[in-house]
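What follows is calculated from the coordinates using simple rules that are stated; it is not laboratory data. Just so it is clear, the structure is predicted and the values come from calculations on it, not from any experiment. All Cβ positions, even for glycine, are placed from backbone atoms using ideal geometry, and neighbour counts span all protein chains on display.
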Amino acid sequence: MFSPKLELFKFDACPFCVFVMDKIDDLNILVEMKDIQRDSESYKRLVSDTGKRTVPCLYIDNKPMFESSDIVAWLIENSDKLEKNS
Ligand SMILES: N[C@@H](CCC(=O)N[C@@H](CS)C(=O)NCC(=O)O)C(=O)O
């Protein structure tokens with residue numbers, strides 16, 4: 001079964017993050033939220049993995065994807081196969 005672990009690195013005042021989070025809500029997809037402003041471990045992980053501190057960044061089984069429009073397109077394309085919130 002295709003059920004990658006999804007983690008979204010974000011902060012709430014970022015409009016690109018809000019765009020992605022709204023789509024996650026619409027599609028009811030299970031995604032672990034990592035707020036880089038509230039959680040310094042998540043911030044450090046993002047920077048050490050990618051060399052960047054840009055959000056949003058969706059980790060798909062630990063593989064980072066940047067660009068809100070690419071993330072939203074990927075979520076829509078894979079929505080049927082992804083784990084949903086109960
Ligand atoms: N084109 C990007 C823009 C992302 C972006 O500019 N994010 C800002 C926050 S709103 C950011 O993380 N800036 C810090 C940085 O890039 O180092 C997208 O659509 O995801």
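Quick notes on this one:
- In region 1-47, the residues that are of a type in the set (A, V, I, L, M) and in a helix (DSSP H, G or I): VAL18, VAL20, MET21, ILE24, LEU27, LEU46, VAL47
- Cβ-Cβ under 6 Å pairs, at least 6 apart or on other chains, region 12-25 side touching a residue at least 24 places away in the same chain (Cβ under 8 Å), far side away from the ligand (no atom under 12 Å from the Cβ) and outside any helix (DSSP H, G or I): ILE24/VAL31
- Of all residues in region 24-56 being within 11 Å of the chain's Cα centre (by Cα) and away from the ligand (no atom under 11 Å from the Cβ), the one that is farthest from GLU83 (Cα to Cα): ASP35
- Take the conditions (1) in contact (Cβ under 8 Å) with a residue 60 or more places away in the chain; (2) closer than 17 Å to ALA13 by Cβ; LEU82 misses just one of them, which is (2).
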